[in-house]
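To start, the structure itself, in structure tokens.
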Amino acid sequence: MPEGKLCNKTPINTKEELQALLSDKSGKQYYEEMKHLDVDQEKLWGTIQKTLKSRLKTWLEICAHCGLCSDSCFLYLANNKDPKQVPSYKVQSTLGEIVRRKGKVDNDFMHYVMETAWSKCTCCNRCGMYCPFGIDMGIMISYVRGLCFGQGFVPWEMKIGSGMHRVYRAQMDITTEDWVETCEWMAEEYEEDWPGLEIPVDKQNADIIYTVNAREPKHYPEDLAEAAILFHMAGENWTVPSMGWEETSLAMFAGDWEACKLQVESVYDAMKRLNAKKMVVTECGHAYRATVVEGPYWAGLESGQTPIPSFHYVEWLAEALRTGKIKIDPAKKIKEPVTYQDSCNYIRNAGLGDVAREIMSYIAEDFREMEPNREHNFCCGGGGGFNGIGLYREQRNTGLKVKRDQILKTGAKLVVSPCHNCWDAIRDLEEVYKVGIRWSFLKPLIIEMAIVPEHLKPQEEEA
Amino acid sequence: MYEFVTGPLAWLAFGIFFIGVIVRAVNYIRGLDWKLDRVAYGANPSHGARGAIRSIFFWLVPFGTRSWRFYPGMTVLFFIFHFGLIFTPIFLRAHNMLLAERWGFSLPTISDPVADILTIAVMVAGLFLILRRIALPEVRILTTAYDYLLIAIAIAPFLTGFLAFHHVGDYRFWLITHILAGEIMLIAIPFTKLSHFVLFFCSRAQIGMDYGIKRGGLKGKDLAW
């Protein structure tokens, strides 16, 4: 059978297709069909010839097989130094082999490639910092994911995720109405405690356009309220767009480059439509990476920059604390030992390590660094889509050991984790290994600690 | 025979080496693509240059990067091997005598005992690089016959040169073999993984630009290699 009904080379573009895929519980039929999926060898080789240029080609060719990348990989460490987890091996045995065979690979081989691309690498890019040639195997595996996607060899959840972006311009099935209603609901819900609290939708010429991760409106709407409270407290002139509010990109994890472009363009359109001065994105790592770091390239912007200056939430918060827009009550600073989870996507891959430390200096009395930290930090264990793929849950859980040990070594029981993927991974880590730690985004911590200006407090009703 | 290998064949070998290396570098640079690589090379030349220079510099310094510090043994082997490999032939007395005789100029030279020490160091380091490939599972899994061939190509001129200089066995034979081995290495550089002679700099510059422009550089944050 060349193409399956659910598992095939065509991306999801309609609600009906999405529904069909979703109703196949855990992708049972999907993976069954994958066993018979044909490899379009001509297309595979054609894509490689068009896109494997200087950088990737040279990386593939000059790799000295020295093995210095091995200890840089948390999955190698977590799997008792299994040589098959050496980053270079993962690249050479997938992309290297496809190139050597000029694309003439079969179904079994593509199964191996898919498993490697999604369960043995989170594209955290740490190995690239340890290779004497600067070979970034995270970039190479991400490229391999693109090849897999083009052939239909992609984990079920990833195919759904990229389909969501194509249909809803969000990683989940949230319509514009759902989103706007959630904003209104949250503003009403918290207005009693915070008089004058608003979540302005589609306001023109605001200073800040705020964008989020679809999980927030879908599963944690209070996060949206917390963002509103902090903007309100800081006196910001801000807005959210009714369309183009989603920053994340499961399409990036899936290797669906076309959907990546569609997704970021929806955000860039909102930036232009509302004419805001700058964009701030919620506490999410890959969202920032996708929309701010990689997005301009998908959208063909030669400057490599988003249409308006864009900032991660930690950048906005550090500035608000630095300039006194938000003041911390010294008595309420975190007293217990606390550590910070450096997200690969905005620390290693966007240089925000100092900003994170600045925030911690304002809010924590006993801040403890993980070892290693900043751009050298290990992936949380759940990045690159790993958290979300049922088929590889066991491999993901094994991978969490490295982060577990890093956290335990600090002696801290509280982990500040301003990234959705890291937050999830640390939550799951506690669930699996029961080490007695807690984890938090920044927003709820800051609201607890902030000094609320008198005029923002609810007025006592006169008796 | 001596006239031939030090004459036309030497010209050919050096010609292939120099032209080959230039072609490799030019092709690399021409093949860079801001959209495919997702790095805005053209829009941010100064940030790119800063990133590129830092990326090359720290990796040329022994223990200059976290990776070099993490593997001290390998770092020592690596630097001895590469230093000896490049430094010895260029400043060798015998090579410069030949240079003076043919072209009427020469470079400063190192004494013969120093050259001997460097030569032995290269061979010993090479031997350890081979043993490392056999002993460590994480390196063994990556290693192919081609990797051993490259080490052989790199060490051969040193071994044969050493034997010739010390007149071990037939001097004439080792001398000719030494020259041929050197020429094989020169010719192999542009066509094999030894092209990292120049592509090391290209690749390091590229990843440096990537970090210098896209991944934090524009935020004014230099990567701690």
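The values are calculated or read from the model by the stated rules, or taken from the named source; none is laboratory data. The structure displayed is predicted, hence computed values, not measured ones. Heads up, the Cβs are rebuilt from the backbone with ideal geometry, glycines too, and the neighbour counts pull from every protein chain shown. All accessible areas refer to the heavy atoms of the entire protein, side chains included, with ligands and DNA or RNA removed. Shrake-Rupley method; radii C 1.70, N 1.55, O 1.52, S 1.80 Å.
Name the single residue, out of those in the range B:104-139 being part of a helix (DSSP H, G or I) and over 22 Å from the mean Cα position of the chain (by Cα), that is surrounded by the fewest Cβ atoms within 10 Å (Cβ to Cβ). Reasoning before the result, please.
Keep residues of the range B:104-139 that are part of a helix (DSSP H, G or I), which gives B:112-135, B:137-139.
With the extra rule that they be over 22 Å from the mean Cα position of the chain (by Cα), the set shrinks to B:112-113, B:134-135, B:137-138.
Numbers: B:ASP112: 12, B:PRO113: 8, B:ILE134: 10, B:ALA135: 10, B:PRO137: 13, B:GLU138: 21.
The residue in question is B:PRO113.
Which condition number in (1) within 7 Å of another protein chain (Cβ to nearest Cβ); (2) touching a Gly at 6+ places or on another chain (Cβ under 6 Å); (3) part of a helix (DSSP H, G or I) is the one that B:GLN206 fails?
Here B:GLN206 clears every test but (2).
Tell me the helices (runs of 4 or more DSSP H) entirely within the range A:12-126 that contain at least 1 residues that are farther than 29 Å from A:SER343 by Cα. Quick ask: steps written out before the conclusion?
On the way: elements: A:15-22, A:28-34, A:41-51, A:54-62, A:74-78, A:87-91, A:97-100, A:107-119.
The helices (runs of 4 or more DSSP H) meeting that bar are A:15-22, A:28-34, A:41-51, A:54-62, A:97-100, A:107-119.
In the range B:1-39, what residues are hydroxyl-bearing (Ser, Thr, Tyr) and either out of contact with any helix residue (DSSP H, G or I) (no Cβ under 7 Å at 6 or more places or on another chain) or modelled with pLDDT under 95 (or both)?
B:TYR2, B:THR6
May I ask you to list pairs of residues, at least six apart or on different chains, whose Cβ atoms are under 6 Å apart, with the first in the range A:88-117 being among the basic types (Lys, Arg) and the second being not in a loop (DSSP other than H, G, I, E, B)?
A:LYS90/A:THR116; A:LYS102/A:TRP45; A:LYS104/A:GLN41
Of the conditions (1) of a type in the set (Ser, Thr, Tyr); (2) surrounded by 21 or more Cβ atoms within 10 Å (Cβ to Cβ); (3) free of Cβ contacts under 8 Å to residues at least 24 places away in the same chain, A:TYR313 clears all except one; give me its number.
Failing condition for A:TYR313: (3).
Looking at (1) within 27 Å of A:ASP71 (Cα to Cα); (2) more than 12 Å from chain A (Cβ to nearest Cβ); (3) crowded, with 20+ Cβ neighbours inside 10 Å, find the lone condition where B:THR88 falls short.
Going through (1) within 27 Å of A:ASP71 (Cα to Cα); (2) more than 12 Å from chain A (Cβ to nearest Cβ); (3) crowded, with 20+ Cβ neighbours inside 10 Å one by one, B:THR88 breaks only (1).
Do we find that A:GLU302 is assigned to a loop (DSSP other than H, G, I, E, B), open to solvent by 10 Å² or more (accessible area, probe 1.4 Å), acidic (Asp, Glu) and within 14 Å of another protein chain (Cβ to nearest Cβ) in this structure?
On the way: assigned to a loop (DSSP other than H, G, I, E, B): yes; open to solvent by 10 Å² or more (accessible area, probe 1.4 Å): yes; acidic (Asp, Glu): yes; within 14 Å of another protein chain (Cβ to nearest Cβ): yes.
Considered against the rule, which asks whether it is assigned to a loop (DSSP other than H, G, I, E, B), open to solvent by 10 Å² or more (accessible area, probe 1.4 Å), acidic (Asp, Glu) and within 14 Å of another protein chain (Cβ to nearest Cβ), A:GLU302 comes out as yes.
Only one of (1) within 8 Å of chain B (Cβ to nearest Cβ); (2) more than 23 Å from B:ARG132 (Cβ to Cβ) fails for A:THR122. Which number is that?
A:THR122 satisfies all of (1) within 8 Å of chain B (Cβ to nearest Cβ); (2) more than 23 Å from B:ARG132 (Cβ to Cβ) except (1).
When the residues of the range B:184-203 are narrowed to those that are aliphatic (A, V, I, L, M) and more than 8 Å from chain A (Cβ to nearest Cβ), which ends up surrounded by the fewest Cβ atoms within 10 Å (Cβ to Cβ)? Walk me through how you get there before you give the answer.
Step one: of the range B:184-203, the residues aliphatic (A, V, I, L, M) are B:184-189, B:194, B:198-199.
Keeping just the survivors that are more than 8 Å from chain A (Cβ to nearest Cβ) gives B:184-189, B:194, B:198.
On the way: B:ILE184: 15, B:MET185: 23, B:LEU186: 22, B:ILE187: 20, B:ALA188: 21, B:ILE189: 23, B:LEU194: 19, B:VAL198: 18.
Among those that are aliphatic (A, V, I, L, M) and more than 8 Å from chain A (Cβ to nearest Cβ), it is B:ILE184.
Select, from A:LYS203, A:LYS159, the only residue that is more than 22 Å from the chain's Cα centre (by Cα) and among the basic types (Lys, Arg). Can you show your working first?
Values: A:LYS159 fails: more than 22 Å from the chain's Cα centre (by Cα).
Going through A:LYS203, A:LYS159 in turn, just one is more than 22 Å from the chain's Cα centre (by Cα) and among the basic types (Lys, Arg): A:LYS203.
Looking only at helices (runs of 4 or more DSSP H) that fall completely inside the range A:130-192, which ones have 2 or more residues that are more than 14 Å from chain B (Cβ to nearest Cβ) and closer than 29 Å to A:THR116 by Cα?
Details: elements: A:137-151, A:156-168, A:176-191.
Of the helices (runs of 4 or more DSSP H) lying wholly inside the range A:130-192, those with at least 2 residues that are more than 14 Å from chain B (Cβ to nearest Cβ) and closer than 29 Å to A:THR116 by Cα span A:137-151, A:156-168.
Would the range B:40-54 turn up any residue that is over 30 Å from A:CYS260 (Cβ atoms) and modelled with pLDDT of 95 or more?
First pass over the range B:40-54, keeping only residues over 30 Å from A:CYS260 (Cβ atoms): B:53.
Add one more test, that the residue is modelled with pLDDT of 95 or more, and what stays is B:53.
Looking through the range B:40-54, at least one residue is over 30 Å from A:CYS260 (Cβ atoms) and modelled with pLDDT of 95 or more.
Quick check: anything in the range B:160-183 open to solvent by less than 20 Å² (accessible area, probe 1.4 Å), within 12 Å of chain A (Cβ to nearest Cβ) and touching a helix residue (DSSP H, G or I) at 6+ places or on another chain (Cβ under 9 Å)?
No, because not a single residue in the range B:160-183 is open to solvent by less than 20 Å² (accessible area, probe 1.4 Å), within 12 Å of chain A (Cβ to nearest Cβ) and touching a helix residue (DSSP H, G or I) at 6+ places or on another chain (Cβ under 9 Å).
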